[in-house]
1. With the structure loaded, tell me whether residue 24 is modelled with pLDDT under 95, closer than 23 Å to residue 153 by Cα and β-branched (Val, Ile, Thr) or whether it fails that test.
2. Is it fair to say residue 233 is hydrophobic (A, V, I, L, M, F, W, C) and at pLDDT 95 or above?
3. State which residue is surrounded by the most Cβ atoms within 10 Å (Cβ to Cβ) when the search covers only segment 135-162 and only residues that are in a helix (DSSP H, G or I) and not small (Gly, Ala, Ser).
4. Is it the case that segment 169-186 has a residue that's crowded, with 24+ Cβ neighbours inside 10 Å, within 26 Å of residue 34 (Cα to Cα) and in contact (Cβ under 8 Å) with a residue 24 or more places away in the chain?
5. Please determine, by comparing only the residues of segment 239-280 that are of a type in the set (Lys, Arg) and surrounded by 16 or more Cβ atoms within 10 Å (Cβ to Cβ), which one is nearest to residue 200 (Cα to Cα).
6. Would you check which residues across segment 219-233 are touching a residue at least 40 places away in the same chain (Cβ under 8 Å) and surrounded by fewer than 13 Cβ atoms within 10 Å (Cβ to Cβ) and list them?
7. Would you mind telling me which numbered condition in (1) in a helix (DSSP H, G or I); (2) surrounded by 13 or more Cβ atoms within 10 Å (Cβ to Cβ); (3) touching a Phe, Trp or Tyr at 6+ places or on another chain (Cβ under 9 Å) residue 315 fails?
8. Residues of segment 89-134 being in a helix (DSSP H, G or I) and surrounded by fewer than 13 Cβ atoms within 10 Å (Cβ to Cβ), which ones?
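The values are calculated or read from the model by the stated rules, or taken from the named source; none is laboratory data. Remember, it's a predicted structure, so these values are computed and weren't measured experimentally. Cβ atoms come from the backbone with ideal geometry, glycine included; neighbour counts cover every protein chain shown.
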Amino acid sequence: MPDYINGAITKLRPLIAANSISSVLPEYDQSNEGVISLLAGWFTDLGFQAEVIPVAGFPGKFNMLATLGSGPGGLVLSGHTDTVPCNPERWTSDPFTLTERDDRLYGLGTCDMKGFFALVLEAVQQYQASDFARPLIVLATADEESSMSGARALSDKDGLGGRYAVVGEPTSLRPIRMHKGIMMESIRLTGKAGHSSDPALGISAMDAMHDVMGEMKLLRAELAERYTNAHFAVSYPTMNLGCIHGGDNPNRICGSCELAFDLRALPGMSNDDLRAEMERRLNPVAARNKVEFSLEPLFPSIPAFEQDSDSELVRVAEQLTGFSSKAVNYATEAPFLKNLGLETLVMGPGNIDQAHQVDEYLALDQIEPCVNLLRSLIERFCLTAPRA
């Protein structure tokens, strides 16, 4: 087995063993400090200046910035250090033990996305600090799978450095320059409970929610007609009315009702504007039904992302991979980096179909192409001249 594969496996094994699950449910949520400490130590050993940054308001959560070289411009290689929760009893092998079989590396986070950091470490092994005319910055974030608190915290920094950013999410090493945003919201209606034998004794929040759902379905159809983008497999914004809860007994008028939904906006659409439109349309519905109305986020929304097709980073990535850039329906940390002024692209090893799945894996045949691609990007954006 080639040295760079052995090296990547050596680094990946302790990364997988370090439980860094993030979850909105406290009983599953874990600190990512173990992963951050490993990465900071390894990058320091390679000559990087590594900074570990606590995420304000999120105890036990940390970002890391590791920088080699200085000056304007340069490249940011970015990824998250957390994983989703898992069901160990359903796995063929222990999700926290890196297991090699069938030319694949199995373990929680191998694909999404601790494997990316192991390959970055292998890619930079051959360089010296003196090679760098522009900085290489490795960013490792917290809580991408839950709150995205790590990426959101970047807005508090006075500049991240670099001019270009590659987010190493699993894309089978295909360049991704667009993805949808996501907002998850809750509509709460409060009426008045009462005995069901006399409708005048109460105000049904469930009846009112029927009208609210009708208005939301009208909005969904209008958004699909007003906005479209042929780059996406689902070319229009989607809204899913996901779950509803209300009332407590068949013989009581429903005093409160709650509807939770998600809305995935296209690039060019504003989550804030969408929320304002929903409030404008639903307030009169609530007033007609004489119920109290509130619209609350279930978590902070993620904006849609788009990098111009003619930007230098997109053109270079397309040349290096031989693939045209695409759009995907899932969300990443890319918009937060782009908002810092960086040309940004999503591109990394592994397939998104393996992410969040039982028996998650990274195929061994992704390692060499990824290491070579990372070195090509480093040489293009950071070095004085390509190395022989």
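1. yes
2. No: the conditions fail for residue 233.
3. In the first step, residues of segment 135-162 are kept if they are in a helix (DSSP H, G or I); the result is 149-156.
Subsequent filtering for residues that are not small (Gly, Ala, Ser) retains 152, 154, 156.
On the way: 152: 17, 154: 21, 156: 9.
Only one residue tops the list, namely 154.
4. yes
5. 275
6. 233 - this is the single residue of segment 219-233 that is touching a residue at least 40 places away in the same chain (Cβ under 8 Å) and surrounded by fewer than 13 Cβ atoms within 10 Å (Cβ to Cβ).
7. Failing condition for residue 315: (3).
8. At the first step, the residues of segment 89-134 found to be in a helix (DSSP H, G or I) are 89-90, 114-123, 129-131.
Answer for segment 89-134, where residues must be in a helix (DSSP H, G or I) and surrounded by fewer than 13 Cβ atoms within 10 Å (Cβ to Cβ): 89, 90, 130.
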